[in-house]
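Since the structure comes first, as structure tokens, the remarks are kept for the end.
The values are calculated or read from the model by the stated rules, or taken from the named source; none is laboratory data. All figures in this text were calculated on a predicted structure; none of them were measured in a lab. FYI the Cβ positions are ideal-geometry reconstructions off the backbone, even for glycines, and counts take in every protein chain you see. Side chains included, ligands, DNA and RNA excluded: accessible areas come from the protein's heavy atoms. Shrake-Rupley method; radii C 1.70, N 1.55, O 1.52, S 1.80 Å.
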Amino acid sequence: MAVTWDRIRTSFWFVPGAMALLAMALAWVAHKGDLWIALLERDELPPVIYVSDGANARDVASTLLGSMMTMTSLVFSITMVVLTLAASQFGPRLIRNFMASPHTQVVLGTFVMTTIYCLLTLGTIGSRAANQQQAYLSVSLSIGLVLLSVGLLVFFLHFLARSIVSESVIERVGKEIGSLWDELDPVPHEQGQNWEAPVPDDYRTGAALFGPSRDGYVATIDFSHLVDLAERHDVLISIGFGPGEYVVEGGVGLGVYPASRCTDRTREQVQKAITVASQRTPAQDPEYSIRHLVEIGVRALSPGVSDPYTAVAVINQLSASLCRLMARALPSGQLHDQRGHLRVICQRPTYGTLVSAAYNQLRQNAGGAALVYIHLVEALHRIAEFSTLEAQREALRHQLGMVCAAAARNLPEAYDRQAVESRAQLALSKLNAISD
């Protein structure tokens, strides 16, 4: 369900399609309004109601329809140009963010709605034989919708111009990452021991191993369904991959222990609980949006672009997102039923994997840009101030060590290396002070 909703939310057809249906309903209401207004006296009508004979009304409706078709084609053309520029500048995977923008979808939907409404109105007026002066609520609504569309066209051009600025793109993706962290539970104030149930010793030899039902990227895993399934059959289910990973049909990433209780029906139900798609989705994949930001930074650091300031903006936005992550508890890789029995073992992201996903590629592609190394260290220092768990601080120490090692290898100037090292020492001192 989450994958289906994500596809609908990031499509160009859903909102325009819904507004096209609204245009049909609005045209019907306007037609009924014309019939009702015809019974009123002329002086009872408000001045915004268009009054004319049928021929002039048809001419106005025809002119409005032609104008709207021209503007609609212009808007769609501009949108395609912007998507092409965004794909070449920020990467093709970021097209999804542009398509998911409600501003774009509503503007496109408004133009489609107005065009369809004008078309239906023109057909309705053309079916009338009387040529005497008559009030046309339908034509008045056509004029109002066209004026609204013209205003939205100006707004849309302004929005598109701002949307392809790198800082705007980085901020938008950063907010998407933050929304993922908001779904996690806060880190509890009292930290108990991280207890995990032992896995049976003969699990590898006693489990029935099989793979997903198709090739592709793991989109979602229905963990609650798997726990209920394991409890009903009194088995232990293991998942050797996580959301976002690529799986192959017929592999051995899934397991049911003991094998004697794994029937064909059980195997099929386990496979149905795992949604595999042709591309990655952010539904349960926390690294998805992180990699979007990283891709912008890596492209900025490429020799053909050489824009370290965009990379610095990416580093800073990632640090803001990871600071919010430090206050959130990552889900456990072991799931139990209501009686406390271990039922599902799965791979879950750790603080180390998320920090590495954010900064590994940026560090590896920094080359001889001292500015990037300095901001990487400063970002890690900033995140350290929000750390609450020792696992978080260990991940930050590991990343600091790799940044310092990369700077020592790639920076030819001793002054630059010293600048990175001195900032790294401050960050390490901060981490050690919090640990103590």
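Just name one of M71, S387, S224: the one whose Cα is farthest towards the positive end of the charge dipole of the chain (beta-carbon charges, Lys/Arg +1, Asp/Glu -1).
Value computed over the given set: M71.
In the full protein assembly as shown, how much of T124 is accessible to a 1.4 Å probe, in Å² to the nearest 10?
Looks like 40 Å² after rounding.
Under a point-charge model restricted to the Cβ atoms of Lys and Arg (+1) and Asp and Glu (-1), what is the dipole moment magnitude of the stretch 272-407 relative to its Cα centre, in debye to the nearest 20?
Here the size comes out at about 400 debye.
Calculate the dipole size of the chain relative to its Cα centre from +1 charges on Lys and Arg beta carbons and -1 charges on Asp and Glu beta carbons; express the result in debye to the nearest 20.
Computed about the Cα centre, the dipole is about 560 debye.
Would you mind pulling out the separation of the Cα centroids of the stretch 276-328 and the stretch 43-109, in Å?
Each part's Cα centre sits 33 Å from the other's.
How charged is the neighbourhood of T104? Take every other residue with its Cβ under 15 Å from the Cβ of T104, and add Lys/Arg as +1 and Asp/Glu as -1.
Summing Lys/Arg as +1 and Asp/Glu as -1 gives +4.
Pairs of alpha-carbon atoms within less than 8 angstrom and 6+ residues apart define the contacts here; what relative contact order does the chain have, in percent?
Normalised by residue count, the contact order of the chain is 15 percent.
Pop out the carbon and sulfur fraction of the accessible area of the stretch 241-359 as a percent, whole number, probe 1.4 Å.
51
Work out, in µm²/s and without decimals, the Stokes-Einstein translational diffusion coefficient of the chain at 4 °C, 1.567 mPa s, Rh from Kirkwood over C-alpha pairs.
Roughly 49 µm²/s, to the nearest whole number.
Once ligands and nucleic acids are excluded and a 1.4 Å probe is used, how much of C323 is accessible, expressed in Å² to the nearest 10?
Accessible area of C323: about 20 Å².
Heavy-atom accessible area per residue, the stretch 326-436, 1.4 Å probe: how many Å²?
Roughly 47 Å² per residue, with all protein chains present.
Highest GNM mean-square fluctuation, the chain, Cα pairs closer than 10 Å: which of D234, D34, D202?
Of the options given, D202 has the highest mean-square fluctuation.
Can you tell me the 0 to 90 degree angle between the C-alpha axis of helix 223-233 and the longest principal axis of the chain, rounded to 10?
Between helix and principal axis, roughly 60 degrees.
Report the one residue of S62, H341, G178 whose Cα lies farthest in the direction of the positive end of the charge dipole of the chain (charges on C-beta: Lys and Arg +1, Asp and Glu -1; origin at the Cα centre).
Working it through, the farthest residue towards the positive pole turns out to be S62.
Kindly provide the helix-only [θ] at 222 nm of the chain, computed as the sum of -39,500 (n - 2.57) over DSSP H runs of four or more divided by all residues, to the nearest 500 deg cm²/dmol?
So the calculated ellipticity at 222 nm is -21000 deg cm²/dmol.
So how compact is the stretch 336-387: Cα radius of gyration and Dmax in angstrom?
17.7, 56
Which value, in debye to the nearest 20, describes the size of the charge dipole of the stretch 23-113 about its Cα centre when Lys and Arg Cβ atoms bear +1, Asp and Glu Cβ atoms bear -1, and nothing else is charged?
Its charge dipole is roughly 680 debye.
Using +1 at the Cβ of each Lys and Arg and -1 at the Cβ of each Asp and Glu in the chain, identify which of I296, S238, G211 lies farthest towards the dipole's positive end.
Going by the Cα projections, it comes out as I296.
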